[in-house]
Amino acid sequence: MKEKVYVLDASGIFGGFISSKHKNITSSTVISEIKDLKSQLALQSALDHDNIIIKEPDSGALNQVQGAIENSGDILRLSEVDKTVVALAVSLTKTYSPTVVTDDYSIQNILKILEIPYRSVLTEGIREIYGWIKICRGCRKKYPSNYQWEDCEICGAAVYRKRIKK
Ligand SMILES: [Zn+2]
């Protein structure tokens, strides 16, 4: 049996979906779409801990996705980034059993045609949504994730970020 992995589009990352059980994979084009600071920080931390892996689709998969879009007869509004995410999932089927995490209806539609499983971020994914807090290494005081200093305001020890289940 092939190993299960999640392929994240931007809505997956914005929604805070990072699975702890399975590999999370995304493409560099998705990463470049992430502009808000909160998502960037979560993403950077996930990259630092190897919780997200960056891979690119092969050109055969891109052609296959393009063909499926053209044959669908449907008006699918897929951006280049969307196509990359779908093609990445197609590429990964060779070695993994990928599930795409997306709230984008057009992406879900083309995945249905290509018979690639998907899930939305906010419904089924709810159990795997995480939040962040900061904790002082010295006195263990907890701070909100947007606490902007690197030192604890009580004892001056370093503060680190920790992922928590919401
Ligand atoms: Zn402290």
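Proximity of backbone amide H atoms, modeled 1.01 Å from N, is registered between Thr99 and Val5, Tyr6, Val7 at under 5 Å, excluding neighbours fewer than 5 places apart on the same chain.
In the chain, a dipole from Cβ-located charges (positive for Lys and Arg, negative for Asp and Glu) runs towards its positive end, and of Ser72, Ile110, Gly131 it is Gly131 whose Cα lies farthest in that direction.
Which percent of the accessible area of region 1-102 is formed by carbon and sulfur heavy atoms (probe 1.4 angstrom)? Could you put the intermediate results ahead of the total?
Numbers: 2680 of 5100 Å².
Carbon-and-sulfur percentage of accessible area, whole number: 53.
Hey, what's the chain come to in accessible area per residue, 1.4 Å probe, Å²? Before the final figure, lay out the partial values.
Working: 9360 Å² over 166 residues.
Ligands and nucleic acids excluded, the figure is 56 Å² per residue.
Ser79 contributes an accessible area of around 50 Å² to the protein surface, as traced by a 1.4 Å probe with all chains present.
Normalising the average separation of contacting C-alpha pairs (under 8 angstrom, six or more residues apart) by the number of residues puts the relative contact order of region 1-102 at 43 percent.
Counting only protein heavy atoms and using a 1.4 Å probe, the accessible area of Thr99 comes to about 20 Å².
In this structure, the amide hydrogen of Asp58, modeled 1.01 Å from its nitrogen in the peptide plane, lies closer than 5 angstrom to those of Ser91, counting only residues at least 5 positions away or on a different chain.
Axis of helix 80-92 versus longest Cα principal axis of the chain: the two differ by about 80°, to the nearest ten degrees. The phi-based Karplus calculation (6.51 cos²θ - 1.76 cosθ + 1.60; θ = phi - 60°) puts the 3J(HN,Hα) values of region 56-68 at 10, x, 7, 5, x, 5, 4, 5, 4, 5, 4, x, 5 Hz, whole numbers, x for Gly and Pro. Model label sites at Asp151 and Lys55, defined 7 Å from Cα along the beta-carbon direction, differ in position by 4.5 nm. Across the protein chains, with a 1.4 Å probe defining accessible surface, the residues Ser120, Ser145 rank Ser145, Ser120 from largest area downward.
Cross-link check: pairs Lys55/Lys94; Lys2/Lys23; Lys21/Lys162; Lys35/Lys141; Lys23/Lys162; Lys21/Lys141 evaluated at a Cα-Cα cut-off of 21 Å; pairs beyond the cut-off: Lys35/Lys141; Lys21/Lys141.
Considering only DSSP beta bridges whose two residues both sit in the chain, what percent are antiparallel, to the nearest 5? Numbers along the way, then the final one.
Values: 12 of 26 bridges.
Within the chain, antiparallel bridges account for around 45 percent of the total.
The values are calculated or read from the model by the stated rules, or taken from the named source; none is laboratory data. None of the values given here were measured: they were computed from a predicted structure. We place every Cβ from the backbone using ideal geometry, glycine too, and count neighbours over all the protein chains shown. These accessible areas exclude ligands, DNA and RNA; they are computed on the full protein's heavy atoms, side chains included. Shrake-Rupley method; radii C 1.70, N 1.55, O 1.52, S 1.80 Å.
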